[in-house]
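Here's the structure we're looking at; comments come further down.
Please treat every number below as a calculation from the coordinates, not as lab data. Model, not experiment: these values are computed from the prediction. Neighbour counts are summed over all protein chains in view; Cβ atoms, including those assigned to glycine, are modelled from backbone coordinates with ideal geometry.
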Amino acid sequence: MPKRFNLIGQTFGRLTVAAKGQIIGSVQTWVCDCVCGGSKIVSTSEIRRGNVASCGCLRVGNPTHGHAGRSASPTYRSWRAMLNRCGNPNSVDYPRYGGAGIAVCERWSSFESFLADMGDRPEGKTLDRHPDKNGNYEPGNCRWATPYEQVHNRNKYQRRWWKKPAEIDASHVEAQS
């Protein structure tokens, strides 16, 4: 016969076990109170293994994380991509960025600072280093740019081989007409 645990009063992450719940099948459940005021029903194995740390409030946003609720935003994704291509040697883009000496300024290691300097990413635009395309990611050398603006800010070897610059210019003019 399996040993029964009494977890009432014990704390796991942000959850404190308040009462024994129902037995569902052969699984004992527990009613837990979260520090945020919410509650959650969890199984013995989930709570003891650490698979559950909150009522779900951590998924909505963690106030200690600094950018709660923003991780799905286009601005946040651009910031993470910039950090990845400059600082992660396993990134496929690293050789052209971090491996080529392009760095992210220390201030922008914080998303809040990046957001304060750049603002929210406008729809249809992405992060571009300008006016110095070979410079670092830092205030004064970055902008939100359209694909058309970025194509004119690339090194020649990066231009797409199937479109000549004149064709790109023509397609841009046609699109604006």
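Taking 7 Å steps out from each Cα toward its Cβ at I23 and K133 produces label points 7.1 nm apart. Rounded to whole Å, the principal axis extents of the Cα atoms in region 11-59 read 29, 18, 17, largest first.
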